[in-house]
1. In a Gaussian network model over chain A where Cα atoms closer than 10 Å are linked, find which of A:148, A:197, A:41 has the largest mean-square fluctuation.
2. By count of other Cβ within 10 Å, fewest leading, how are B:139, B:16, A:142 ordered?
3. Provide the gained length on full extension for the span residue B:157 to residue B:4, in nm with one decimal, where the gain is 0.36 nm per separating residue minus the Cα-Cα distance.
4. What residue among A:106, A:198, A:43 has the largest mean-square fluctuation in a Gaussian network model of chain A, using Cα springs under 10 Å?
5. Restricting to DSSP H runs of at least four residues, report the calculated mean residue ellipticity at 222 nm for chain A, -39500 (n - 2.57) per run over all residues, nearest 500 deg cm²/dmol.
6. With label points built 7 Å along Cα→Cβ from the Cα atoms of residue A:64 and residue A:225, find their separation and express it in nm.
7. From the P(r) of region A:163-271, could you give the percentage of C-alpha pairs in the tail past 16 Å?
8. Given the options A:82, A:227, A:235, which has the most mean-square fluctuation in a GNM of chain A, springs set between C-alpha atoms less than 10 angstrom apart?
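Every number in this text was worked out from the coordinates using simple rules, so none of it is lab data. Model, not experiment: these values are computed from the prediction. No Cβ is skipped: glycine too gets one built from the backbone with ideal geometry, and neighbour counts run over all protein chains shown.
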C-alpha cells in the first residue's frame, strides 16, 4: 500500500497528464461522430454573447452586399408571384394552422469554413421555438441543420462538415443521392450514390429532394461541376459547385416542418 | 507575486479573445489561421507548479474548443504541448534552464526561435491530425501544419519582441 501511494506521488504529474489526455481525446472522438458534442459547443450564453457583440460590429462591413443579396431574392420571389396564375395568394401564411412549413429568420453570428467539421452559430434559440434538426437556408441555397440549442443561441452543423449527410436530387429528374463534403474546398461539395442511369450533364442544377423531413423539396444547392463513376461502378460521384458563398453569410432562414412528427411516426413506428 | 498573477490572468483572457475574434477569422489563402493563444504556454513562468500549468493549458484549450465547436482538439494539443515543455526548455536553453534563472525577456534570439518553433510544430501536428482525423489525408495534415506553423511562429516572435522591450 505504501508503495502504491509512493508511486502515485512520484508520478503525479504524469498521471494527471494522462487523466486530462483521456478526457480531451474522449471529447475529440465524440465530436467526430454526428450529433454527439453535447458539452463542448458554442451555443451557450457566454460564447454566444461574445460572438453576438462582435458580430453586431462586423455586420456593418457587409451591409451593402447583404442588401444586394436580399434584394436579388426579393426580385426572384416577386417574379414568381407575378408569373403565377394564383396571383398574390401564393404566399405562405405561417400564422394559420394549415401550412406545412414554419419559417423563422435569423442572423449568423459565427461563421466557419476552414475546418473539416464546421459549425455555425445563429442568434435564435429555444425562446424563438428553435429545436434540433431543423433546416437552415440562405437566399441562395442550403446552409445546414440545427443542432444544439439554448435559450438564445443555436449551433448549426454546416454542409461544410464531413459528418453531415443531406438527401439531394437532380432538378430535372427525380434521381437522388446523398450530399456530403470531402473537406477540401468550401466552394465544392460532393454528391454520391446517384444511380448510373441518371441523365446527368455538367451544369445541371442540384436541389434538395424532400425525402428527409428536414428540408422541403426544391431548395437550391448548386450546379454540377464534373462527375465520374465510383469504384462500385453502379453510382455517379458528382462534384457540385455551391450557389452559396459559404465564406460570406449573414441572413438565413430556419425551416421547420410541422408535419415532422407525423412523418416520423409513419417511418419509424417502433420508436 | 500578485502582479505576476494578474499579468498571467489578463494574458489568458486576452489571448482567448484575440484568438477567437481576430486570428480565427484571418483565413489567409482560404484556410491558414495562426494559433497565437499558445503564447500563454510559451511564456508561462518556468518555476511554477507543474500540475497547475498542465491544468491551465488544458483549460485554455478547452475554452478555445467551446468557442470553435471543435470537441477536444485544442485541449489535447495544448495539454501535450504543456507536458513536453520541460524537455523543450532543456533542449533549447540547456544550462540556463537547469539553474532556474531563465527570463524570457533577456534570452538569445536564436534560442527563442528554436524554443517557439519546437512548441508550435508539436502543437500544430497534434491539432491538425486530430482535426482531420483521417490517415488517408496525411499530406493535408503536413501541409496545414507547415503553413500554419510558419504564420504562428512569425506572429509569436513579433509579439514577444514587441512586448518584451516595454517591461524591465
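1. Maximum fluctuation in the GNM of chain A, among the listed residues, is at A:197.
2. If I rank by nearby Cβ atoms, fewest first, I get B:139, B:16, A:142.
3. Residue separation times 0.36 nm, minus the Cα-Cα distance, leaves 52.9 nm.
4. Largest GNM mean-square fluctuation: A:198.
5. -8500 deg cm²/dmol
6. Once both label points are built, they end up 2.8 nm from each other.
7. 62 percent
8. A:82
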